[in-house]
Amino acid sequence: MLPAMAAKLRIAIVGPGRLGTALAMKLRSAGYTISEIVSRNNIASKRKAAILARKVRALVSTIDTARANADVVWFCVPDREIKNAAQQLGSAIDWKRKIAFHSSGALLSDELNILRRQGAAVGSIHPMMTFVTGSIPSLNGVPFAMEGDTAAIRAARRIVRDLDGGAFTIRRQHKIAYHAWGSFASPLLVATLVTAEQVARDAGLSAVAARKKMLPIVRQTIANYEMLGAAGAFSGPIVRGDAEIVRKHLQVLKKVPEAREVYLALARAAMRYLPAQNRKKLKKALDE
């Protein structure tokens with residue numbers, strides 16, 4: 001038997017990093033009791049745990065002293081540390097009637113198999129959101145991809161609903177593709193923007209100036225994408241079929257070879273997935 005679902009579940013957070021901090025704060029705001037913040041046994045991690053624990057009125061412990069007096073234990077540690085953290089807590093705690101989550105976007109709930117074998121219902125619960133130092137994003141409308149045991153998924157759906165997010169299940173075989181999709185949506189988008197900053201330097205602007213001057217067009221592009229979809233938001237020389245301008249772009253980008261590679265890859269993707277005029281001449285310009 002797993003915990004009754006009438007009252008909100010008590011949740012222990014393992015890992016006081018960016019994700020763990022954001023989840024703990026949002027869960028507390030949604031009316032959940034955060035029973036414990038569990039850190040690694042080093043000074044920096046313990047300091048973060050103490051600060052977070054004060055904010056959410058939780059006990060603080062280390063992986064060696066954790067009690068996990070909670071219905072849900074939510075592992076918010078880096079992917080490479082999930083299995084080891086579960087093993088460290090596995091022998092110290094009674095896992096019967098408990099639920100264990102991890103929030104890796106790439107790894108399966110099987111990372112928590114040691115806890116599953118000890119009676120816990122386990123799941124991977126991943127919010128499609130970026131978490132960085134100095135920013136706690138809203139989870140309103142954020143999709144959470146879920147995979148794992150039925151009881152864990154049932155509890156996760158309720159928690160995600162209370163966070164005003166949107167829960168959906170993902171098949172085991174699709175997990176890596178899902179994570180790669182998320183990489184395009186955020187970290188590789190940032191990589192594209194920082195590459196644009198390098199091109200701006202060749203146009204005589206500093207990176208700071210480039211970022212400031214790019215923001216209006218970046219914001220409008222995202223707004224157009226949201227409102228009109230990819231095809232409706234697409235503009236510039238490729239949609240117009242201006243092969244000569246594309247050729248000139250590639251010529252000047254020889255001074256920034258990494259940016260030239262990004263330009264070629266994205267231009268070829270645009271040729272495949274987006275509307276473009278004068279395709280034969282555009283292809284020739286790209287192949288040159």
In the neighbourhood of Ile82 defined by beta carbon distances under 15 Å, the net charge of the other residues (Lys, Arg +1; Asp, Glu -1) is 0
Listed with the fewest Cβ neighbours within 10 Å leading, Glu81, Glu226, Glu147, Glu261 appear as Glu226, Glu261, Glu81, Glu147
Phi-derived 3J(HN,Hα) across the stretch 177-190 with the Karplus relation (6.51, -1.76, 1.60, θ = phi - 60°), rounded Hz, x for Gly and Pro, is 5, 4, 5, 4, 4, x, 5, 5, 6, 9, x, 6, 5, 5
Counting Lys and Arg as +1 and Asp and Glu as -1 over every other residue whose Cβ sits under 11 Å from the Cβ of Ile136, the net charge comes to +3
If one builds a Gaussian network model of the chain from Cα atoms under 10 Å apart, the most fluctuating residue listed among Ser206, Ser103, Ser61 is Ser206
For Lys283, the lysines lying under 28 Å Cα to Cα, once residues fewer than eight places off in the same chain are dropped, come out as Lys248, Lys254, Lys255
Given unit charges at Cβ for Lys, Arg (+) and Asp, Glu (-), the dipole magnitude of the chain about its Cα centre in debye, nearest 20, is 260
Contact order relative to length for the chain, counting C-alpha pairs under 8 Å separated by 6 or more residues, stands in percent at 11
Under the helix-only model (-39500 (n - 2.57) for each DSSP H run of 4 or more, divided by the residues of the chain), the mean residue ellipticity at 222 nm, to 500 deg cm²/dmol, is -16000 deg cm²/dmol
If amide H atoms are modeled at 1.01 Å from N in the peptide plane, then the residues at a separation of 5 or more from Ile125, or on another chain, having amide H under 5 Å from its own are His102, Ser103, Ser104
For the stretch 186-287, shape from the Cα gyration tensor axes a ≥ b ≥ c, cut at a/c of 1.5 then a/b versus b/c, turns out oblate
The stretch 156-209 and the stretch 71-106 have their Cα centres apart by a whole-number Å value of 25
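FYI, it's all coordinate maths here, none of it is from the lab. Just so it is clear, the structure is predicted and the values come from calculations on it, not from any experiment. Glycine gets a Cβ as well: all are built from the backbone with ideal geometry, and neighbour counts include every protein chain shown.
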